[in-house]
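Quick notes on the structure that follows.
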């Protein structure tokens, strides 16, 4: 019975795509290696864009960096992939 | 509206920016690349059942689901239109966009396995993530065609139709806005877009915005 329960939890975890708890603020972003991540409404970080993959697909090197821009949607701040030659030294959490 | 104009006999041709045979060839190319098949939504019994279930659950009316939404399950893409035939709500360019959007779901299916489908159904935050990623293809294609990016906020608000919460929509809006920053700098983030742009650059370069490399 106990092993069945453990297996059920494991299966639920697998299907729910469980990952270690790293509670974060909704909408916070960060760079993890060269991957931009964003915190979802349930409080965990997920990949926003893999900048290595973006580099391959775009034909130019991209790196994960912090941006701060004003667009038609208002001010946009956070981490995303930008061309390597535009990237600043800024890294870390954006809250 | 544009789809309706394109579907008019004789005068409809005036409103064609992309030719029906080009749309058809593009879908064929994407299907071959991703090994997918296309099924008319109205002809599919499984879609009738899903529509019935969504209606009964109060998520969405049966008619709206069958008429307005393209749905992908595994490697099957269920369309509410016949590919290459414009109609109200589905002009030819929007058929190109939705093709790429749905094939990004196929990429997700290949990348995540069964957990993609399960989390899409069971977890609203996850569903918002999957859809935000797929809508990023819409954004990337819009940039390729017009040289601008559409409003991330308005795009994210469409997720309300998918049963997502306002907080999920907020995160999706930010995710799309940050993606737009990258796209305006020349990034191609989604695999389905990457594949699609190869075909579009080769076969319909006239549609690409000037200045977009």
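General remarks:
- Test: residue in the stretch B:171-178 that is over 20 Å from the mean Cα position of the chain (by Cα), more than 24 Å from residue B:106 (Cβ to Cβ) and part of a helix (DSSP H, G or I): no
- The lone criterion from (1) surrounded by 14 or more Cβ atoms within 10 Å (Cβ to Cβ); (2) touching a residue at least 24 places away in the same chain (Cβ under 8 Å); (3) in contact with a helix residue (DSSP H, G or I) (Cβ under 9 Å, 6 or more places away or on another chain) left unmet by residue B:82 is number (3).
- Residue match in the stretch B:43-56 (condition: surrounded by fewer than 17 Cβ atoms within 10 Å (Cβ to Cβ) and at pLDDT 95 or above): no
- Residue match in the stretch B:1-18 (condition: closer than 25 Å to residue B:195 by Cβ, under 16 Å from the mean Cα position of the chain (by Cα) and surrounded by 14 or more Cβ atoms within 10 Å (Cβ to Cβ)): yes
- The stretch B:91-147 holds helices (runs of 4 or more DSSP H) entirely within its bounds, and those carrying 2 or more residues that are in contact (Cβ under 8 Å) with a residue 24 or more places away in the chain and within 23 Å of residue B:53 (Cβ to Cβ) map to B:92-112, B:124-146.
Matching residues to (1) over 25 Å from residue A:75 (Cβ atoms); (2) touching a helix residue (DSSP H, G or I) at 6+ places or on another chain (Cβ under 8 Å); (3) assigned to a helix (DSSP H, G or I):
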{"site": "B:150", "(1), (2), (3)": "no, yes, no"}
{"site": "B:153", "(1), (2), (3)": "no, yes, yes"}
{"site": "B:159", "(1), (2), (3)": "no, yes, yes"}
{"site": "B:206", "(1), (2), (3)": "yes, no, yes"}
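The values are calculated or read from the model by the stated rules, or taken from the named source; none is laboratory data. Note that the coordinates shown come from a computational prediction; the quantities given were computed from them, not determined experimentally. Neighbour counts are summed over all protein chains in view; Cβ atoms, including those assigned to glycine, are modelled from backbone coordinates with ideal geometry.
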